[in-house]
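Take a look at the following structure, please.
Only the coordinates and a few stated rules stand behind these numbers; no lab work does. Bear in mind that the values here come from a model prediction, so they are computed numbers and not experimental data. Every residue, glycine among them, receives a Cβ derived from its backbone with ideal geometry; neighbour counts consider all protein chains shown.
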Amino acid sequence: MNNFIPLARPDIGDEEIDLVVEAIKSGWLTTGPKVTEFENKLSEYLKADDEIFSVGLNSCTSALFLALKALDIKADDEVIVPTWTFAATAQVVDWIGAKVVLCDIEENSLNIDVRKAEKLITNKTKAIIPVHIAGYPCDMEAVSKLARKYNLKVIEDAAHAIGTSYRDKKIGNFSDVTCFSFYATKNLAMGEGGAAVSKNNNIIEKIRKLSYFGINKEAFKRYEKSGRWFYDIEEIGYKANLDSIHAALGIVQLKKLDYMNQRRREIASYYRKNLSNKLVFNEDSNEHYHTYHLFPIRLPESIKRDDFIEELKENNIGASVHFIPLHLHTFYKNRSNNSFEVADKVYKSILSIPMCSAMSDAEVKYVVETINKIIGQ
């Protein structure tokens, strides 16, 4: 294969480009009608039994942070976060001034171990942030049961999980707030962007207000002919609103999402059937709909992970590690006395191989043949 196969690339076509041009020509470059359209379509896509409300934001990080603010998590409160996640999941807690309490993970799913999380709860624990790693859902029944028992708020980090289902309901139907990422590498790619969703519209409207300097809702209409110039700052806020250009990308991407997720599942199935049986794969289940944002593999002990990644790159195949556990980073390593036995074990041998709906069959086959060849050597 002469061309480099990246870990991920967005699946963007002419329809996305045309709608972005339409948004630009409309004059609404910032938050405008395209954002409202995207929010409405996202709510409709996720809805199961009850209505879901959505607010578009500039990132999943902003969604997580504003969810903590909207749910009144305060300085000195404790928030349980899995150690196996990107820095954003924990850093938003630090931004609030609350304490991050890191928790170990389940080996098969890489998601938070709810039994271990329960042992970390104190009278200061106010929230838990489960992360749906690689597009496989956390055990939301166990998370919800834990939250009810200890009166905890639940904020799902669903950066990997747009379209993922847990027992026939899409992620977005289970907690106080669910936060999605639409970064360039995600299943639904907008370049930059995110959203917060909830069944409680009061929470979403609170986040909407916080996302734009704490200004009342009328501010978004003041440049329309029917709007008025007056606005009121009702509380301290931030600058995290979604713009119309990125929303235009999202409208088309959302329309294509089920196809793109199914393509990822087809690639994952081919990987599972044809990659070496010396590799260990993450959990999958017919009970849930796994959207395979990532495809992690674990190497046998005889193969050094870093050397393996370099050899893949020499063969024009991209790879990375998701993630370096938070407790191993300088900022967090001296802030927790908890045990991370599973995360430490998994980290030694794990890496992610190319996974995106834009991959061709030839690329998928080449990845498999190359990995099997390297392992055979």
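If you take every DSSP beta bridge fully contained in the chain, what fraction is antiparallel? Give it as a percent rounded to 5. Can you show the working numbers first?
Details: 24 of 39 bridges.
Bridges in the chain are about 60 percent antiparallel.
Where does the charge balance sit around Phe180 when Lys and Arg score +1, Asp and Glu -1, over other residues with C-beta under 14 Å from its C-beta? Let's see the in-between values first.
Values: positive: Lys41, Lys170, Lys186; negative: Glu39, Glu156, Asp157, Glu192.
Neighbourhood net charge equals -1.
Right, here's the next one. Compute the long axis of helix 14-26 from its Cα atoms, compare it with the longest principal axis of the Cα atoms of the chain, and write down the angle in degrees, 0 to 90, nearest 10.
The answer is roughly 20 degrees.
Please list, in chain and number order, the residues 5+ apart from Cys103 or on another chain whose amide H is under 5 Å from its amide H, with Hs placed from the backbone.
HN-HN under 5 Å from Cys103: Val81, Thr83.
Same structure again: Running a GNM on the chain with Cα contacts under 10 Å, which residue among Arg272, Arg298, Arg228 ends up with the highest mean-square fluctuation?
Result: Arg228 has the largest fluctuation of those listed.
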